[in-house]
Amino acid sequence: MILALVIAVGAAPAAEAMDVKPDAAGGRTAVAVYHPDGSWTGSRDAHQPRPALSLSKLYLGYWVLRYGHPGDKGQVEHMIRVSSDSIAAHLDRKYPQAIDAVARDFGLRNTARRGRWGNTATSAYDVAKFVSVIRNDPVAAPIIRGMRTAAPVAQDGYRQDYGTSRLPGAEGTKFGWSDNRWSYTASVSFGPGWTAAAMTVGDKHANTNDALALIDPNLPWRAPATSSLGPYSVPLVPLRDILPPQVPYQIRDAVPPSILVPAGPPTGPGLPG
């Protein structure tokens, strides 16, 4: 049945709510937009490793939620919401392997810890992909809640109100900034059908201006792919998007996004739905 559906549908168009503009060169700001079907767009430097700043707390938090002590798991949501450096330092000291392990497991090839959480490097593509993949993972629920309820003012007094959070439809954001608050900034947000990241050499105003200038929010949403079976239809999703995080990235990346599998029961005359 699955093979028949794959053959019948072929490569379905990506579900698009927004995308990076085709002429986005990057430079000051690297940007990427990742969709649930594995399609993505980005600036020319979307894969360039840049200071992850507090975006590294996403990687650290995920590993702790999956493998850490229950008491440590309970700190992750607050760490994300207020961008707590003290919690991040505690968890990073206790679990120094966490960030690099997550990078390996999710195929984040331009992400590396480099000695401590605050020195981590990542790319716009890596962090957009990561947030997109974990968005519906029950393990990551505290991270997603923390992004949805990001405090207006972080633990260190910095306002969390910029960058990709200004994109129309943004539902949750993780912010990052350098200690001097102007050398580097970053943001990653998710919305309906998209996850967008912007990593800037510059302050939060540059991060906001470039995110809004390089990412186009006017592309129409396309309904999920379906396959028709007589009077019935079956919603489809890419197989690689429903593989569990434990699947090695070499296997995940080898699965073409055009291979689709049923995402739910058939709908049609005489059927609920």
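Checking each residue in the range 122-154 for being more than 20 Å from Ala211 (Cβ to Cβ), more than 12 Å from the chain's Cα centre (by Cα) and not in a loop (DSSP other than H, G, I, E, B) picks out Pro138, Val139, Ala141, Pro142, Arg145, Gly146, Val153.
Looking only at the range 114-163, residues that are closer than 24 Å to Asp45 by Cβ, of a type in the set (Phe, Trp, Tyr) and surrounded by fewer than 21 Cβ atoms within 10 Å (Cβ to Cβ) come to 0 in all. Among the conditions (1) polar (S, T, N, Q); (2) touching a residue at least 60 places away in the same chain (Cβ under 8 Å); (3) over 20 Å from Phe175 (Cα atoms), Ser86 misses just one, which is (3). Residue count for the range 164-180 under the criterion of being open to solvent by 40 Å² or more (accessible area, probe 1.4 Å) and either within 20 Å of Gly42 (Cβ to Cβ) or at pLDDT below 95 (or both): the result is 3. Here is a check on your reading of the model: is Asn110 within 18 Å of the chain's Cα centre (by Cα) and modelled with pLDDT under 95? Judged against the criteria, Asn110 is not a match.
Screening the range 1-90 for helices (runs of 4 or more DSSP H) wholly inside it with 1 or more residues that are at pLDDT below 95 and open to solvent by less than 20 Å² (accessible area, probe 1.4 Å) returns the ranges 2-9. For first residues located in the range 33-59 and more than 20 Å from Pro192 (Cβ to Cβ), partners that are of a type in the set (A, V, I, L, M) and assigned to a loop (DSSP other than H, G, I, E, B) and lie 6+ apart or on another chain with Cβ distances below 6 Å form the pairs Ser43/Ala24; Arg44/Ala25.
The values are calculated or read from the model by the stated rules, or taken from the named source; none is laboratory data. Given the structure is predicted, the values throughout are model-derived calculations rather than measurements. No Cβ is skipped: glycine too gets one built from the backbone with ideal geometry, and neighbour counts run over all protein chains shown. Ligands, DNA and RNA are stripped out before the accessible areas are found, and what is left, the full protein with its side chains, is counted by its heavy atoms. Shrake-Rupley method; radii C 1.70, N 1.55, O 1.52, S 1.80 Å.
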